[in-house]
Structure formats: structure tokens, C-alpha cells
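The values are calculated or read from the model by the stated rules, or taken from the named source; none is laboratory data. Here the structure is a predicted model, which is why all the values come from computation and not from measurement. For neighbour counting, all protein chains shown are included, and Cβ atoms are generated from backbone atoms with ideal geometry for every residue, glycine included.
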2 protein chains.
Amino acid sequence: MTSPTEDFIEQMGLMAQSEGGPRIAGQILGYLIVEGEPRTLAQMTEALKISKASASTNARLLVLKGSVRRVSPVGQRQDAYEALDFPNLAVIRALGDRFRDHADKMTEISAGFPESHAGARERVSRFADFHRKTADFIDAWTEKLAEDAGLAATDREDTR
Amino acid sequence: MTSPTEDFIEQMGLMAQSEGGPRIAGQILGYLIVEGEPRTLAQMTEALKISKASASTNARLLVLKGSVRRVSPVGQRQDAYEALDFPNLAVIRALGDRFRDHADKMTEISAGFPESHAGARERVSRFADFHRKTADFIDAWTEKLAEDAGLAATDREDTR
DNA sequence: CGGGATGTTCAATAAGGACTGAACGATTTG
DNA sequence: CAAATCGTTCAGTCCTTATTGAACATCCCG
């Protein structure tokens, strides 16, 4: 009773939620991936049964996150959005950035512990290092992914 | 004004929230890391100004996530909790598991696309592969981290 | 100029989840 | 056994955020 397309879009919505984001953003991304070609806000509202406001807001959110790009063909009144070749590459990058931010904050805090709390300082510092190493690792991974993307790597660092 | 300890605990709370979890869970973990030794629920409620219910619920959540363990010294009425040496190792593992789960779901869905939607099937499939590869990479990383954890654990004297 | 699309913004609503106080059950102590 | 201590559960409250409808701004075409 449910088509693969519906299943996928639904799954993408759930996945987005499990990552702490808006469900609709995931659904839009799923829709754009399935379609494979630019789609307008009107088409999204129609296909996903969502309001114009949600379509607009979440589509722009996806652009900000680097999963989607806005295309504006000449002679076309409506804006259209299109999924990038590797929509979640930027998401993984952002994940690494978050780890690094946390690591830096923790390191800075650890430096503030006085000698009388050397143990705590050591533990906090180790905690920070753990995060920084993980950030480095994720960076290396996105690096590699970007290479594999190869031909499609035209969208490396255009947003933000 | 604010001590490094307070800063760290606050930061851990914010970090937990940014990952979509309860703020208090992060604070408890921060508290346990700073203390470096088992602490009871009563001590948590006192130190963090939280309710008994929150302390109990979130401490057990941390155990579930694998960041903390419960210790029950003999002749001690109160349960106590202690941060693991690498509290977030399990968290990263869970991250990898989530990627793999998503990948599997997507792959299964992609198989359902009929020949008439071969393009969509291909795109969904590639999306799934991307996640699976990322899951594999994260697994490899946790593998490596676990080694380090093993080394660090051996130069400490406490064992379980 | 209107008139009609189209995209964005904003206030209001709905939904979900965190947090708490209080009740409960279990265990210990005297 | 009675009293006290401790952990868990649960209903209720609060707070955040997603989602929407409607107002608004902009652009295009006649």
C-alpha cells in the first residue's frame, strides 16, 4: 500500500528527527533525492502535504546545511531546489566541526583548573583530547569522501 | 565568579543538549568526570541542584548509553555512579550504529524501486552506501579508540 | 498602474520532551 | 515491628520547537 518513494521520504523524515532536526527538512531532502531534478516549493507542498511556509523555511535550511542547492533557471518564475550529489557530506563535516568546537571549549576550561585539582584537570583534558581526535578523524573521512565524490566535487565549499 | 568545575559542568550540559539529549545527563557526566570517583544520587542532587527524580533517571540513562557505570560497594546503602575512563567511546559507537541502521533501511527501500524508477533507485542506493561507509569508518575509529582506552586503563590500577 | 503569482516573515497553535514533586515500594536500622 | 532511608515511577507543569495560516513584500505580466 506504500510505495518505495513514500517509504523513503517517510524514513528520511524520521532520520532527520533522530538527528534532532525538523522532520519536514528530511522529507524534502528525500523528495528531492527521489526526483533527481529541481523541484519548486509548490511541488513540495503538493507532494508532501505541507504548508508553503514550511516548504520555504526548511528548503532554505537544507541549503544552509549544504545538502541542497537552489537553482534559478532563466525564464522561470519559481525558485527550485535540487539535492546535491552527496547531500550528507556537509552534514558529516558539520558533525566534525561540532566535535572540534566542544574540544576547544573543554581544553580551555581544563587549563583553568588549579594545581590542587590536577586530577580533574587531567580528566577534563583527556576528555577534550578525545573529542579533538574524533574531530580530526571525521575531517580525514570527509576529505576522503570528497575525493571519492571526484567528478561531483564541484560543491566543495560554496555555502556559508 | 565561576569555577572551572562549574564551567565544565555547564558546558557538558550544553553539549548534551546540542546532541539532542537531556541537559541534566550531560551535567551529571561532567560532575562525575570532575570528581573522578563514585558519587551518589544524593550528592548529585546537592551539587547540581536537581531533583532526586532527575538524578535517578539521567544517571541510569548514562549507564544505558555506556558513559557511566553503577558501583555498589559492600556495606554501602546508596548506589553510586562513576564515569568510565572514556565516557564517550560508547556514544561514538552508538553514532556509528545509527548510521548503519539508517543505511540498512535505505538499502532495503531502494531494492523496492521498480525498473521504471531506476534513477531514483540508484540515487537512494548511493545515499545508503554513503551512510554505510561512514558507519564502517566510525567502527574502525572506535576500534582504534578502544585500543587506546585499553592502554590507558592498564596504567591505572583500578580494575573491574 | 492593477492583478496575480511567488517567497518570506510573523504570531499563534500544537506537539514533544525535560524536569519536578509526590506517592510508592523496597530495604535497612534500631 | 516502627521509623528512616533510598531509588523508582508517574502525573502534572513548564519550556522549547516544529508547523501552520495569514499578512506582507516583491516581482512579473497585461
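From the list B:Ser110, B:Ser54, exactly one residue is in a helix (DSSP H, G or I), more than 21 Å from the chain's Cα centre (by Cα) and among the hydroxyl-bearing types (Ser, Thr, Tyr). Which is it?
B:Ser110
Is it the case that some residue within the range A:12-25 is in contact with a Ser or Thr (Cβ under 9 Å, 6 or more places away or on another chain), more than 16 Å from DNA strand D (Cβ to nearest atom) and within 14 Å of chain B (Cβ to nearest Cβ)? No - not one qualifying residue is present in the range A:12-25.
Residue-level check: of (1) within 15 Å of DNA strand D (Cβ to nearest atom); (2) under 18 Å from the mean Cα position of the chain (by Cα); (3) buried (at least 18 other Cβ atoms within 10 Å of the Cβ); (4) among the aliphatic types (A, V, I, L, M), B:Ala80 misses just (2).
Among the residues of the range A:12-31, the one identified as more than 14 Å from DNA strand C (Cβ to nearest atom), within 12 Å of A:Leu62 (Cα to Cα) and among the aliphatic types (A, V, I, L, M) is A:Leu29. Taking the criterion of being aliphatic (A, V, I, L, M) and either away from DNA strand D (no atom under 13 Å from the Cβ) or under 25 Å from B:Ser110 (Cβ atoms) (or both), the residues of the range A:30-54 that qualify are A:Leu32, A:Ile33, A:Val34, A:Ala42, A:Met44, A:Ala47, A:Leu48, A:Ile50. For the range A:1-46, filtered to residues that are among the hydroxyl-bearing types (Ser, Thr, Tyr) and not in a loop (DSSP other than H, G, I, E, B), the residue that is nearest to A:Val71 (Cα to Cα) is A:Thr40. Scanning the range A:42-60 for residues that are farther than 9 Å from A:Ile24 by Cβ, within 7 Å of DNA strand C (Cβ to nearest atom) and surrounded by fewer than 19 Cβ atoms within 10 Å (Cβ to Cβ) yields A:Ala42, A:Lys52, A:Ala53, A:Ser56, A:Arg60. Does B:Ala103 count as within 18 Å of the chain's Cα centre (by Cα), of a type in the set (A, V, I, L, M) and in a helix (DSSP H, G or I)? Considered against the rule, which asks whether it is within 18 Å of the chain's Cα centre (by Cα), of a type in the set (A, V, I, L, M) and in a helix (DSSP H, G or I), B:Ala103 comes out as no.
Scanning the range A:115-143 for residues that are more than 8 Å from chain B (Cβ to nearest Cβ) and exposed (fewer than 14 other Cβ atoms within 10 Å of the Cβ) returns A:Glu115, A:Ser116, A:Ala118, A:Glu122, A:Ala140, A:Glu143. The single condition among (1) within 11 Å of chain A (Cβ to nearest Cβ); (2) surrounded by 16 or more Cβ atoms within 10 Å (Cβ to Cβ) that B:Thr2 does not satisfy is (2). Condition first: at pLDDT 95 or above, buried (at least 20 other Cβ atoms within 10 Å of the Cβ) and more than 16 Å from DNA strand D (Cβ to nearest atom). Can you find one or more residues in the range B:68-76 that meet it? No, that holds for no residue.
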